[in-house]
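Only one structure is covered here, and it is reproduced in the block below.
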Amino acid sequence: MLVSLILPIFVSAVALFFASFLSWMVLQLHKKDWAKLEGKEDEVMGAIASCNLPVGSYMFPAPTPRPR
């Protein structure tokens with residue numbers, strides 16, 4: 001049974017890859033998802049640098065954890 005699913009899984013993965021490529025590169029539907037801080041980048045980077053954060057990947061604004 002698992003062997004019979006390999007081809008549909010592979011075909012759907014390839015189709016999803018091409019749909020994602022079209023969305024990002026050709027149609028540019030996500031072009032406005034990432035924006036620059038026009039004229040304020042130096043100020044923001046200076047404020048962040050003054051915090052002496054350790055090297056790492058950060059997200060701003062960070063999502064608040066949901067209570068359990």
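The values are calculated or read from the model by the stated rules, or taken from the named source; none is laboratory data. The structure displayed is predicted, hence computed values, not measured ones. Methodologically, a virtual Cβ is constructed for each residue, glycine included, from the backbone with ideal geometry; neighbour enumeration extends over all protein chains shown. For the accessible areas, the whole protein counts, side chains as well, though only heavy atoms, and no ligand, DNA or RNA atoms are used. Shrake-Rupley method; radii C 1.70, N 1.55, O 1.52, S 1.80 Å.
Just one of the listed residues (LEU29, LEU16, LEU22) is touching a helix residue (DSSP H, G or I) at 6+ places or on another chain (Cβ under 6 Å), of a type outside the set (D, E, K, R) and surrounded by 10 or more Cβ atoms within 10 Å (Cβ to Cβ), namely LEU29. Going through (1) open to solvent by 90 Å² or more (accessible area, probe 1.4 Å); (2) outside any helix (DSSP H, G or I); (3) not hydrophobic (A, V, I, L, M, F, W, C) one by one, GLY39 falls short only on (1).
Listed here are the residues, each with its yes/no results for (1) assigned to a helix (DSSP H, G or I); (2) β-branched (Val, Ile, Thr); (3) touching a Pro at 6+ places or on another chain (Cβ under 8 Å).
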{"residue": "ILE6", "(1), (2), (3)": "yes, yes, no"}
{"residue": "SER12", "(1), (2), (3)": "yes, no, no"}
{"residue": "ALA19", "(1), (2), (3)": "yes, no, no"}
{"residue": "VAL44", "(1), (2), (3)": "yes, yes, no"}
{"residue": "PRO65", "(1), (2), (3)": "no, no, no"}
